[in-house]
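J.: Let me give you the structure first, and then I'll get to my questions.
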Amino acid sequence: MSTVSVDALAHVPTFLDDVRAYLIDVALGRLPKDAERLTSIRDTVEQRFADGDETEPVLETLVRCSILCGDRDRAKTTVELLTLRFPDNELGTAMLPELNRSLGLADTHNTFDDDGRTNSVLNEGELRSRATRLESTPCVLEVASTNVCNIHPPCVQCWKHFDPIHGYINNDAKHMPKELIRRLAPWIGRARAVSLHGIGEPLAHPQIFDSVKHTGPGTEVVLVSNALLLTDTRINKILDNRVASIDFSLDAATQETFRKIRGNDLNAAIRGIERLREARDERGLDRPHICLNMCLMRENVREAPAFVELAHRLGAARVHLFHMNKGANYRFEWFDYDDQHCERDPETHDAAIEAAFLRAEEFGVHLVMSGRRRFSETRTMASAHPDPNAEGETFFCSKPWTSMLVMTNGDVFNCCWQDRPIGNMNHASAWDIWNSTTLQEIRESTAAGVPHKKCVNSRGNLCPYLGRV
Ligand SMILES: C[S@@+](CC[C@H](N)C(=O)[O-])C[C@H]1O[C@@H](n2cnc3c(N)ncnc32)[C@H](O)[C@@H]1O
Ligand code: SF4
């Protein structure tokens, strides 16, 4: 056995062979376990992996190291990636059932059909049976890949104005660490849809599509963007990476309002969207679908009908209108968060939204609205989140079974409304969080028709996702 230091070995081609032989000897008890050496090997191989080396020998070595270091969660996520990438790998197929058993999980969800659908089927079953401890992983994975944004100061309504973790207030916006994306890789591979935005601009991340290489064949990649960074290079990357749809947040139909809300030139955003559309059509692709978002406030709500027309001109597949989330209250220049909420002027809001729906019908635009279309109607938690299986008014939400949102700093939520994280991936594995006591309690309480305290934000407001204000 070589006595050369691990660091030095990392630079010679035989490194993995030598290490492999050593790890097998330790596993078989032919050599004693040297914790320091094992950790050092693991760190070196982890670094290679973090640098993008996902070859079979690297993954195999990582699995062996993690098992010998007692890190079963890490071993499991790596073995899943190994079997996903290299289905015939013998170590992967041998270790998977054993690792699952040691973690108290069945191994059914780790076999994939051609569309990567097995996890979805298991997830649907667990949702239907209201299981509290899950063997499936989320079908919808939101990866907040960056909180860096190109718009300074942020758009008036953006929570960057008051929420320090998103890095405007304390100026420490960051991209999600590669290590975190790597740990999420098997979960990305099993998801039906992966979104890549958080509270930041995804296209500001130079390696935004790195996580896409972990997606399974049936995974749809989606993102929300401000449309201001659509250079030819980025457009080509979007098309190369088979992005399924992009929601462009314009929030305005006129130059003046766009400048007030988003501080930029509306025509620049429109030109970018048009270039993306042309490039997509030139390649003969039908994706990404181009969708337009309008975050409604008193300043822009009158433009909702014109926004529908703009969407028609741009050939958008869908327009999404939604209200500003409740839970913030700050002033920025002309903007007063509380006062700008459309609830403050229900008549103007209701008339504009009605007109927008009529315009959508006239132009054949697919218009969807989250939340209240008319403020004259009252809403309860149950009417906003109806239980599909119950008669009468019962609350239900599927997200505790189907969705996981991982913020740039590793905080984990089911959705962006929960304002206190369920856990953080720097201190626990994704599995531990997904089946944590808290998340099991959320599932139990949701199944009983009672929203968990984590799902009612700290100001007692109704969750905006399904029942936006
Ligand atoms: C935070 S942005 C991140 C992606 C990208 N930077 C963008 O602007 O589209 C995602 C979405 O959140 C919306 N948003 C921002 N502030 C909001 C708020 N206070 N309430 C509700 N939605 C908000 C944006 O308009 C955008 O559609
Ligand atoms: S572009 Fe998006 S992330 Fe950036 S400030 Fe605006 S809403 Fe926030």
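J.: What whole number of Å gives the distance from the Cα centroid of the stretch 150-213 to the Cα centroid of the stretch 126-140?
T.: Centre-to-centre (Cα) distance: 26 Å.
J.: Using 28 Å as the Cα-Cα cut-off, could you pick out the over-long pairs in LYS33/LYS174; LYS76/LYS326; LYS326/LYS453; LYS33/LYS213; LYS76/LYS399?
T.: Pairs exceeding the cut-off: LYS33/LYS174; LYS76/LYS326; LYS33/LYS213.
J.: Among DSSP bridges having both ends in the stretch 271-379, what percentage is antiparallel? Round to the nearest 5.
T.: Rounded to the nearest five, the antiparallel share is 20 percent.
J.: Same structure, new question: Using per-residue counts of other Cβ atoms within 10 Å, averaged over each peptide, order 131-138, 330-337 from highest down. Don't skip to the end; give the middle numbers.
T.: Working: 131-138: 20.5, 330-337: 13.9.
So the peptides 131-138, 330-337, ranked by packing, come out 131-138, 330-337.
J.: Over the stretch 321-379, calculate the relative contact order: mean separation of alpha carbon pairs under 8 Å at least 6 apart, over the residue count, as a percent.
T.: 40 percent
J.: Right, something else. Note down the Stokes-Einstein diffusion coefficient of the stretch 379-456 in µm²/s, whole number, using a Kirkwood radius over alpha carbon pairs, 4 °C, and 1.567 mPa s.
T.: 100 µm²/s
J.: Rounded to whole Hz and in sequence order, give me ³J(HN,Hα) for the stretch 406-413 from the Karplus expression 6.51 cos²θ - 1.76 cosθ + 1.60, θ = phi - 60°, writing x for Gly and Pro.
T.: 10, 6, 4, 8, x, 4, 10, 9
J.: Rank-order 207-215, 404-412 by packing density, defined as the average count of other C-beta atoms within 10 Å over each peptide's residues, highest first.
T.: Sorting 207-215, 404-412 by mean packing, highest first, produces 404-412, 207-215.
J.: Here's a follow-up. Rank-order 160-170, 310-320 by packing density, defined as the average count of other C-beta atoms within 10 Å over each peptide's residues, highest first. Display every interim value, and only then the final one.
T.: On the way: 160-170: 17.3, 310-320: 18.9.
The packing order, highest mean first, is 310-320, 160-170.
J.: To one decimal place, what orientation-averaged projected area in nm² is obtained for the convex hull of the Cα set of the stretch 127-254?
T.: 10.0 nm²
J.: Kindly provide the helix-only [θ] at 222 nm of the chain, computed as the sum of -39,500 (n - 2.57) over DSSP H runs of four or more divided by all residues, to the nearest 500 deg cm²/dmol?
T.: Taking each H run of at least 4 residues, the total per residue is -12000 deg cm²/dmol.
J.: How many angstrom separate the Cα center of the stretch 409-459 from the Cα center of the stretch 21-62?
T.: 34 Å
J.: For the residue pair GLU343 and ALA244, what label-to-label distance in nm results when each label sits 7 Å from Cα along the Cα-to-beta-carbon direction?
T.: Each label point is offset 7 Å from its Cα along the Cβ direction, giving 3.3 nm.
J.: So, one more: If I stretch the segment between ALA279 and GLU354 completely, what's the gain in nm (0.36 nm per residue apart, minus their alpha carbon distance), one decimal?
T.: 23.5 nm
J.: Still on this structure, I have one more. Counting every Cα pair in the chain, what percent are over 28 Å apart?
T.: That tail contains 56 percent of the Cα-Cα pairs.
J.: Can you list the HN-Hα couplings for the stretch 156-161, worked out from phi with the Karplus curve (6.51, -1.76, 1.60; θ = phi - 60°), rounded to whole Hz and with x for Gly and Pro?
T.: Karplus-based 3J(HN,Hα) across the stretch 156-161 equals 4, 8, 6, 5, 4, 5 Hz.
J.: Here is a further query. Sequence-distant or interchain residues sharing an amide H contact under 5 Å with ASN293, placed H: which?
T.: Amide H neighbours of ASN293, under 5 Å, 5+ apart: PHE248, SER249, LEU250, ASP251, HIS320.
J.: List every residue whose amide H lies under 5 Å from the amide H of LEU367, counting only residues 5 or more places away in sequence or on a different chain, with H placed 1.01 Å from N in the peptide plane.
T.: Counting only residues 5 or more places away or on other chains, the set is VAL319.
J.: Now for a different question. How would you classify the stretch 271-346 from its alpha-carbon gyration tensor, with a ≥ b ≥ c the square roots of the eigenvalues: rounded for a/c under 1.5, else prolate if a/b is greater than b/c, otherwise oblate? All intermediate terms of the calculation are to be shown ahead of the outcome.
T.: On the way: a/c = 3.02, a/b = 2.56, b/c = 1.18.
The shape class here is prolate.
J.: Show log10 I(q)/I(0) for the stretch 141-215 at q = 0.13, 0.18 Å⁻¹, two decimals, from a solvent-free Debye sum over equal Cα scatterers.
T.: -0.39, -0.69
Every number in this text was worked out from the coordinates using simple rules, so none of it is lab data. As the structure is a prediction and not an experimental result, all values here were calculated from the model. Every residue, glycine among them, receives a Cβ derived from its backbone with ideal geometry; neighbour counts consider all protein chains shown.
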